[in-house]
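Reading through the structure tokens given below for one structure.
The values are calculated or read from the model by the stated rules, or taken from the named source; none is laboratory data. Just so it is clear, the structure is predicted and the values come from calculations on it, not from any experiment. For the accessible areas, the whole protein counts, side chains as well, though only heavy atoms, and no ligand, DNA or RNA atoms are used. Shrake-Rupley method; radii C 1.70, N 1.55, O 1.52, S 1.80 Å.
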Amino acid sequence: MNAGIFRQQDYRIRLEWGREGVEQLGPECGALIIVDVLSFSTSVDMAVSRGGRVLPLPLRRADPRAAVEAERAGAVLAAAKHDSGWSLSPSSLIDLPAGTLLALPSPNGATLSARAAQFDSTVFAGSLRNADAVAKAAIAAAGDRPVGIIAAGERWGIVDGPLRPSLEDHLGAGAISAALLAHDGDGSPEARLAAIGFRSATSELPALVGEAISGRELTDMGLVHDVRLAAQWNASTTAPMLVHGIFSDRAVVGPGIRHSPPARLGRSQWPDRPSSSTSSNTVSP
């Protein structure tokens, strides 16, 4: 079978899911947008829009390698979500001082960012909050090559297990698809349908994100403010771009800077198959 079918060849705007989607779209796309609405991409936007920078770590917070990588980079290691301090919780980053380099472990969004950085693509962190800004930046960065949207989804298990497509990431990917298609209407059916779904849901975004599985999960954990922040469509004009392994504001670093892979972990060290993943529930990273 023609492998190009799975890469959505012949379309400028493409959309796929999870790490398998990165493998398919990465080789051909000039820009890849990682969409992990609850919570990695939203947290990156919150930090970068306040003048901070984010070192994405494809690890769980409890992994001892996270502290090692943070110290090596001269970064502040994010706290666990329920601890005091800056963390993967977007609301904890509202008061992040400008200039802070935050090492942000995430077995989902950061892991996808790490893999995307291995391709000759410019990598962005996209969400509902910055959909228009990221779309505009990605079109410019891709040049005459396609733009790929990667909806992160969740996993049936702690960080392992089959992909569970998540409503909030479908909405985030749809918002970005809609903005990209406004620049270039040559979208794959996957991208076009996501955009159609998003447009039909704009008046219900807070309710849909809050009542989705991941939104309810975070609300039960006492993180309802994170869910509300994540549902704010185009509240941000920041386009976080991966530059030398760190997410920074594209408006600050400039459009011509190319990225390099984040952290120093080899692919075999990424948390694709952690032995401790025995739960049947999902956890929103």
What list of ³J(HN,Hα) values in whole Hz, one per residue of region 145-157 in order, does the Karplus curve 6.51 cos²θ - 1.76 cosθ + 1.60 (θ = phi - 60°) give from phi, with Gly and Pro shown as x? 9, x, 10, x, 9, 10, 6, 5, x, 10, 10, 6, x
Please report the relative contact order for the chain, taking Cα pairs under 8 Å with a sequence separation of at least 6, and give it as a percent rounded to a whole number. 29
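Could you work out the relative contact order of region 5-77? I mean the mean sequence separation of Cα pairs under 8 Å and 6+ apart, divided by the number of residues, in percent. Present the calculation step by step, with values, prior to reporting the outcome.
Values: 29 pairs, mean separation 9.6, N = 73.
Relative contact order here is 13 percent.
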Yeah, region 96-159 with a ≥ b ≥ c from its alpha-carbon gyration tensor (a/c under 1.5 is rounded, else prolate when a/b outruns b/c, oblate otherwise) is oblate
With every protein chain kept in the model, how would you rank Met221, Met46 by accessible area, 1.4 Å probe, largest at the top? Met221, Met46
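May I ask you to give the solvent-accessible area per residue for the chain, in square angstrom, as obtained with a 1.4 angstrom probe? Could the numbers behind the result be given before it?
Details: 11360 Å² over 285 residues.
On a per-residue basis, the chain sits at 40 Å².
With N set to the residue count of region 1-101, report its C-alpha Rg divided by 2.2 N^0.38 Å to two decimal places.
On the way: Rg = 16.8 Å, N = 101, 2.2 N^0.38 = 12.7 Å.
Taking the Cα Rg and dividing by 2.2 N^0.38 Å, one obtains 1.32.
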Once mean projected area of the Cα convex hull in nm² is worked out from the coordinates, which option in (1) 13.6; (2) 14.6; (3) 17.4 does it equal? (1)
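Probe radius 1.4 Å, ligands and nucleic acids ignored: give me the carbon and sulfur share of the accessible area of the chain as a rounded percent.
Working: 5960 of 11360 Å².
Here it works out to 52 percent.
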Region 24-75, Kirkwood Rh and Cα Rg, ratio Rg/Rh at 1.04
His244 - accessible surface, heavy atoms, 1.4 Å probe, Å² rounded to 10: 130
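Can you tell me the length gained on complete extension of the stretch Ala251 to Ser200, counting 0.36 nm per residue apart and subtracting the Cα distance? The partial results should precede the final answer.
Working: separation 51, 0.36 × 51 = 18.36 nm, distance 3.09 nm.
In short, 15.3 nm is gained.
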May I have the convex hull volume per residue, in Å³, for the Cα set of region 61-137? 127
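Looking at region 146-238, what % of the alpha carbon pairs are farther apart than 19 Å? Write down the numbers at each step before the final one.
Working: 1924 of 4278 pairs.
Tail fraction, whole percent: 45.
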In deg cm²/dmol, rounded to the nearest 500, the helical mean residue ellipticity at 222 nm of the chain, built from -39500 (n - 2.57) for every DSSP H run of length 4 or more, is -10000 deg cm²/dmol
Ignoring ligands, DNA and RNA, how do Glu168, Glu204 rank by accessible area with a 1.4 Å probe, largest first? Glu204, Glu168
